[in-house]
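Have a look at the structure below before the remarks.
The values are calculated or read from the model by the stated rules, or taken from the named source; none is laboratory data. Everything numeric in this text was worked out from a predicted model, so none of it was measured. Please note: Cβ atoms are built from the backbone with ideal geometry, for glycine as well, and neighbour counts cover all protein chains shown.
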Amino acid sequence: MMDQASKLRQLVDEGNVISNARVITVTSGKGGVGKTSISVNLAMELTKRGKKVIIFDADFGLANVEVMLGIRPKYNLLDSIYNNKSMEEIITPGPGNIGFISGGSGVSELATLSNDNIKLLVSKLTQLDSMCDVLIIDTGAGITDSVMEFVLVSPEVILVVTPEPTSITDSYSLLKVLRRKNRFDPLCKTINVISNRVTHKDEGIEIYNKINTVSSKFLGTNLKYLGAVPHDKNASIAVIEQRPIVEAYPDSPVSKSIANIASKLFDDDRNDYDKRQGIAKVFHNFIKSKRKK
């Protein structure tokens, strides 16, 4: 008889995994826009709302999440395969009951896994589906292959943009590259925009309107606006202190904005239910796409 793990792997292969876990990829067109800070603080806010949240640090080799939190993980994702570590062991506890998983030193290893190791990884990631409500994937910056693959396979994406002209143009370039991918289906993906480090609320809306107008006109892709996060000196201080700003300065303008974004994101919880693929399915698609190259 087929054991439970084999049944789960077969379901993943056939695309029939049913999961309540939401997978949200946070990305940006360029570095230095506060993408990791958004990922960490958003995770903290979601846990306050009773959600079990895990961050996957997919900025391979740089480990921005662990630097921001001042915590060094003992194991990474590949230890679940090569060193037979359980999902519980590779999840590093963070502040506010969040957990995070290090992607390790590079994505190239995922592309070279044997079929048996892929099945093992997928079966373990299926366990992860039942361990959290939300997986936030914090990607590297820019338009690298790894970043684009995570954006492609994730049903929900958050694009972080700042008022800098280069951030706006690079964000549009990311969307343009995404639109050219054969596997991109705008009907099966929600792309949200967060305007970060703005001087006033209207500036955030202006940034969104610029990107959305071009995206809808030339790319056929409409974006959703999650909100703006103001420029705040406390954000820089919190980074130096290696503490999430929503924990260190809960009454700051940034913390209040993140709280509003978290509420807005989950106001659409029922509407986005049909886009949930589950964590195992997302990673299975990611590995499969990398092996085709």
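Quick test of your reading of the structure: Met2 fulfils all but one of (1) touching a Phe, Trp or Tyr at 6+ places or on another chain (Cβ under 9 Å); (2) modelled with pLDDT under 90. Name the failing condition by number.
(1)
Let me confirm something: among Gly29, Gly99, which residue is modelled with pLDDT of 90 or more, under 15 Å from Leu125 (Cα atoms) and either among the aromatic types (Phe, Trp, Tyr) or buried (at least 16 other Cβ atoms within 10 Å of the Cβ) (or both)? Walk me through how you get there before you give the answer.
Working: Gly29 fails: under 15 Å from Leu125 (Cα atoms).
Sole residue among the options that is modelled with pLDDT of 90 or more, under 15 Å from Leu125 (Cα atoms) and either among the aromatic types (Phe, Trp, Tyr) or buried (at least 16 other Cβ atoms within 10 Å of the Cβ) (or both): Gly99.
Given Leu219, Leu178, Leu174, which one is under 24 Å from Arg22 (Cα atoms), without any contact (Cβ under 8 Å) to a residue 60 or more places away in the chain and among the aliphatic types (A, V, I, L, M)? Steps first, answer last, please.
Values: Leu219 fails: under 24 Å from Arg22 (Cα atoms); Leu174 fails: without any contact (Cβ under 8 Å) to a residue 60 or more places away in the chain.
One residue alone meets the criteria, Leu178.
Please enumerate the residues belonging to region 245-265 that are more than 19 Å from Arg22 (Cα to Cα), part of a helix (DSSP H, G or I) and either of a type in the set (Ser, Thr, Tyr) or in contact (Cβ under 8 Å) with a residue 12 or more places away in the chain (or both). Steps first, answer last, please.
Our first condition is that a residue be more than 19 Å from Arg22 (Cα to Cα); within region 245-265, this holds for 245-257.
Next, only the ones that are part of a helix (DSSP H, G or I) stay: 245-248, 253-257.
Within region 245-265, Ile245, Val246, Glu247, Ala248, Pro253, Val254, Ser255, Ser257 qualify.
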